[in-house]
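First up is the structure itself, then whatever we jot down about it.
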Amino acid sequence: MLQTIDDALSRALTVEGLQVAPISAGLNQSNEQIYQDFDRGVSIQELVHQKSELIDRVLKFCCKHFIGEKYSPGFSLVAVGGYGRCELLPGSDIDLMILLDRKLGKSLEEEISTYLTFLWDIGLEVGHSVRTVKDCVREGKSDVTVITNMIESRLICGNEKLYEKFQKAIAPTRMWSSRKFFEAKLKEQHNRHLRYNDTAYNLEPNIKEGPGGLRDIQIIGWVAKRHFGARSFRELVDHKFITEAEYELLNAGQNHLWRVRFALHRLAKRREDRLLFDYQKQLAIDFGFEAGPHNLAIEQFMQQYYRTIMDLERLNEMLLQIFREEILLTDKQKKLTIINDRFMLRNNFIEARTPEIFKQHPPALVELFLLVSTHPHCEGVTASTIRLVREHLYLVDEEFRSNDEVNHLFMQLMGAPDGMTHQMRRMNSYGFLAKYIPAFGKITGRMQYDLFHAYTVDQHTIFVIRNLRRFALEKHQDEFPFCNLVYGKLGNPCLLYLAALFHDIAKGRGGDHSLLGADEATQFCLQHKLNRKEIRIVSQLVRDHLLMSVTAQRKDISDPDVVREFARQVGSMNMLNYLYLLTVADIRSTNPNLWNNWKDALLKQLYHSTKHVIRLGIDNAPDIEEIIQENRDAAFEAMTDLPYSRSQINILLEELPGDYFLRHHPLEIKWHVQTILGNPGEQTLVNIRQAKYTKTTKVFVYSDECSNVFSQVTGTLGSLGLSILNAEIFTTSNDKVMDTFIIQDHNNQAVTDPETIQQIENSLIEALKSNSIYRGVSNKRTPRRLKAFNRPTKIHFEQDYLNSRTVMEISSMDMPGLLSVIANVIAALEINITHAKISTLGEVIDDIFYLTTADGKNITDQSLLDQLEANMKEALEARKAA
């Protein structure tokens, strides 16, 4: 490879000057040889160093040609950043500093410009700065990023004495002492982690910048170099700051991330540090993974990646704690507080009093986390104790898990009034949780290949516990006041945390993870001496943890029978309280974009409706006719201030079907009546108002009955970039359509701009003049993330004989204009839609439509249902391919 570039450089030097083509071709050929070496399994360390040496040779050769010897006394070409570390991957930046002994003259400036232009011409993406030593001192003092870049420098060619002068000028004795540098890098890492939601387990992680990524490794190297002068991690072993095993783990983790980043750069054909869905599938194949019965190849590849960065996160925490103790706390080593026979506080960090403590008394492994949680002055764990925990995880075996003292300590931690969430995260980070609960170890780092679940299963679980804990704290009461209120009614909140810990623990095994998880939870509770009632609560919560979410989002919760059946499954107010809180926390922890006020309103509606049924007695709840009459009477009461007679209002309400009064609040009925009676003689009306609590916008449509109304409305709203969350569709006895659509804009917010509202009204009124289906074509492009998935369309029919309607559930890939396509297929077969629940779960839509025949009955003709299914799949596939 090096011989290839040497030959190319020789050919490039002609009497006409240095030629671009031979060097460019030599670089391409050399890079291809590096790729072949990568595929043959050559050490990644060797490859990144080879790439750096390759670039060194090109830069030196070209520098000699363009800048020559006449400037060498006052000129140095310096590699900085990753290139300074000799760590170049295919798409890495080539960062250079041109170091001068005096201000840049015009002649040299021209030659440098020609040199740099030539480097770009041959295909090298070079970042550069031109500085004197004085410039370096000024800029280095003011910016920790600049000084970090400079301390990683090395001389490529030029004046060695000038380079040595530069190194002395930026030494820790001149600027950025070890202490200040370390404090700045700690703050920088903290802020960087926050940009990535403080978790490395996003489904499209950043290999370089995310928590546990290459930057977390590099910060260890930067601090080590600044404080110890160490140029490699091996020297940290010599300084006795890390063990040989830790060095091997650090080295292996870095090598794995380098290999993934190398393959990613090659696949993307550019610098790309995000493991996007676009690349994950191919990378899994390139790394030799194959799909298993319950795990996709991509899921296995990503689990290996997440487990690697988890190891690196642990090392990063421990090593930075070592540096903290060495650099920041050296003057405070005598500040000791004895806690008990096993632990003490050193500078407010908990520490094992002897290295043998865990071997002598294994339950101390759990006691440590409990003490950190309960001790008011404890800020964390000393590095030596973190190391001891890691070294003694082998003690966590079946005998340990069955130990009564261990079980008691763990349950104390689950019920701790403060700090429990942080300790769950710490137990997961140290690897203890996966050892103590082996089933948890199986979900550690496990991702699900979709856009719905934004985090790995273990990280999601920790987030659920965190969100539940926030419901208990007064300082977070403003976030979810109703959840805080419900939390106060719980008999034993610890049971809720246990259910959260186990709710997804059986994912990836095949079968129903809720049932399998309930079995795991039962065994754990038995082992930890919970009573039968407590075990039943935890088991039911795990088994039914999706019940409330599914009911609220996918069923018609205005139907009393649906609510009654849900109440029957829940069984009691106590269980309803537990389940409601678990459901809210679970949805919020699945994806930060998933929770919204609309879902909040649905769950609260189901909670209150179910509470009413349970209190009356499940079998004593009022029937539908009673509820309809109650709602109708309440609507009349709300309309007493309208300038219309009771007779006028009654004539209009008599034309409405009974279930209209089930699905609309009295004030909403008043709004509809006011719109219609306030515009006498108008055949088509559109009225828009805000639903402030749910941060949604309601669109009321009144027009002549036609099977194309839903098609025209959904198509028009979609063309305006609006999302439909729900649709209530009714036809009066005098053949008028009264439909209400709940919408949001592309940012999941209410549509409040007056001009946009006017545009919606005008567009809908114009569209409803048509007697045909909507024929507009969506110009909205399919988002990048969606293109990485290909989910088949699934359609399921179910007969709702009690309400004389057919329920159609469609699961398909989300895409622009989808709802309009569905509406057109239904309209073309002259089928009516009476109600629709629209739900997007990541890349998949999961919509439910309640259908009837033209005469208002359920669809019993199987051939018509078969045709509807076939036409729907064909239309959706055509839209997907467009």
What is the percent of Cα-Cα separations in the range 651-808 that go past 23 Å? 45
Leaving out ligands and nucleic acids, note down the accessible area per residue over the chain with a 1.4 angstrom probe, in whole Å². 44
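For a distance above 23 Å, tell me the whole-number percent of Cα pairs in the range 585-729 that qualify.
Numbers: 5178 of 10440 pairs.
Roughly 50 percent, once rounded to a whole number.
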If contacts are Cα pairs under 8 angstrom and at least 6 residues apart, what is the relative contact order of the chain in percent? 6
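For the chain, divide the Cα radius of gyration by the Kirkwood radius and give the resulting Rg/Rh value with two decimals.
1.04
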When all C-alpha to C-alpha distances in the range 102-159 are sorted into bins of 5 Å, what percent of pairs does each bin hold, rounded to whole numbers? 4, 14, 20, 23, 21, 15, 3, 0
So what's the gap between the Cα centers of the range 1-24 and the range 91-120, to the nearest angstrom? 20
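Can you work out D for the range 551-611 in µm² s⁻¹ from Stokes-Einstein, where Rh is the Kirkwood radius over C-alpha pairs, the temperature is 20 °C and the viscosity is 1.002 mPa s?
Working: Rh = 11.9 Å.
Translational D for this selection: 180 µm²/s.
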For D814, distant residues with modelled amide H under 5 Å away: V844, I845
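Out of the DSSP beta bridges found with both residues in the range 44-180, what percent are antiparallel (nearest 5)? Don't jump to the answer; show the numbers that get you there.
Values: 9 of 16 bridges.
Around 55 percent antiparallel, to the nearest 5.
For the chain, what is the charge dipole size about the Cα centre, in debye to the nearest 20, if Lys and Arg each add +1 at the Cβ and Asp and Glu each add -1 at the Cβ?
Numbers: 104 positive and 114 negative charges, 718 e Å.
Using Cβ point charges on Lys, Arg, Asp and Glu, the chain gives about 3440 debye.
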May I have the pair-distance distribution P(r) for the range 394-494, computed from all Cα-Cα distances with 5 Å bins from 0 and rounded to whole percent? 2, 11, 18, 20, 18, 15, 11, 4, 1
Let me know the charge dipole size of the range 376-424 about its Cα centre in debye, to the nearest 20, where only the beta-carbon of Lys, Arg (+1) and Asp, Glu (-1) is charged. 220
With no solvent and one point per C-alpha, what does the Debye sum give as log10 I(q)/I(0) for the range 646-732 at q = 0.12, 0.22 Å⁻¹? -0.40, -1.37
From the phi of every residue in the range 276-283, what ³J(HN,Hα) in whole Hz does the Karplus formula 6.51 cos²θ - 1.76 cosθ + 1.60 yield, where θ is phi - 60° and glycine or proline is x? 6, 4, 4, 10, 4, 4, 5, 5
Gap separating the Cα centres of the range 562-638 and the range 296-359, nearest whole Å: 46
Convex hull projection area averaged over all views, the range 1-64, Cα basis, nm²: 4.0
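Order the peptides 577-586, 389-398 from the highest to the lowest mean number of other Cβ atoms within 10 Å of their residues. Kindly include the intermediate steps, with their values, before the conclusion.
Working: 577-586: 24.8, 389-398: 15.4.
My ranking of the peptides, most packed first, is 577-586, 389-398.
How big is D for the range 1-112, in µm² s⁻¹ as a whole number, if Stokes-Einstein is applied with the Kirkwood radius of its Cα pairs at 4 °C and 1.567 mPa s?
Working: Rh = 15.4 Å.
D, rounded to a whole number, is 84 µm²/s.
Does the range 474-622 come out rounded, prolate or oblate, given a ≥ b ≥ c as the square roots of the eigenvalues of its C-alpha gyration tensor, rounded meaning a/c under 1.5 and, failing that, prolate meaning a/b above b/c? Working shown, then result.
Details: a/c = 1.40, a/b = 1.26, b/c = 1.11.
Here the range 474-622 falls in the rounded category.
Give the relative contact order (percent, whole number) for the range 695-771; include only Cα pairs under 8 Å separated by 6+ residues.
Details: 110 pairs, mean separation 31.2, N = 77.
Relative CO of the range 695-771 lands at 40 percent.
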Could you sort 272-283, 399-410 so that the peptide with the highest average Cβ count within 10 Å comes first and the rest follow in order? 272-283, 399-410
Of all the accessible heavy-atom surface of the range 328-395, with the other protein chains kept in place and a 1.4 Å probe, what percent is carbon and sulfur? 50
As I understand it, the dipole of the chain uses +1 on the Cβ of Lys and Arg and -1 on the Cβ of Asp and Glu, about the Cα centre. Which of F75, G253, A750 lies farthest toward its positive end? F75
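Give the carbon-plus-sulfur fraction of the accessible surface of the range 39-116 in %, rounded to a whole number; probe 1.4 Å, heavy atoms of protein chains only. Numbers along the way, then the final one.
Numbers: 1590 of 3340 Å².
Of all accessible area on the range 39-116, carbon and sulfur atoms account for 48 percent.
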Once phi is turned into θ = phi - 60°, what whole-Hz ³J(HN,Hα) does the Karplus curve with 6.51, -1.76 and 1.60 give for every residue of the range 495-508, x standing for Gly and Pro? 5, 5, 5, 5, 4, 4, 4, 9, 5, 10, 5, 9, 5, x
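What percent do you get for the relative contact order of the range 187-271 when only Cα pairs under 8 Å and 6+ apart count? Please list the in-between numbers first.
Values: 46 pairs, mean separation 15.4, N = 85.
That works out to 18 percent.
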Using modelled backbone amide H atoms (1.01 Å from N, in-plane), which distant-in-sequence or interchain residues come within less than 5 Å of K736's amide H? E705
Placing unit charges on C-beta atoms (Lys and Arg positive, Asp and Glu negative, everything else neutral), compute the dipole magnitude of the range 263-316 about its Cα centre in debye, rounded to 20. 240
Counting only protein heavy atoms, what percent of the accessible surface of the range 800-882 is carbon or sulfur at a 1.4 Å probe? 50
If you wrap a convex hull around the C-alpha atoms of the range 73-190 and split its volume per residue, what is the figure in Å³? 107
Whole-Hz Karplus couplings 3J(HN,Hα) for the range 628-639, θ = phi - 60° and coefficients 6.51, -1.76, 1.60, Gly and Pro as x, run 4, 5, 4, 5, 5, 4, 5, 5, 4, 4, 5, 9
Please enumerate, by chain and number, the lysines with C-alpha under 18 Å from the C-alpha of K670, excluding those fewer than 8 residues away in the same chain. K692, K698, K736
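The values are calculated or read from the model by the stated rules, or taken from the named source; none is laboratory data. Being a predicted model, the structure only gives us computed values, none of them experimental. We place every Cβ from the backbone using ideal geometry, glycine too, and count neighbours over all the protein chains shown. For the accessible areas, the whole protein counts, side chains as well, though only heavy atoms, and no ligand, DNA or RNA atoms are used. Shrake-Rupley method; radii C 1.70, N 1.55, O 1.52, S 1.80 Å.
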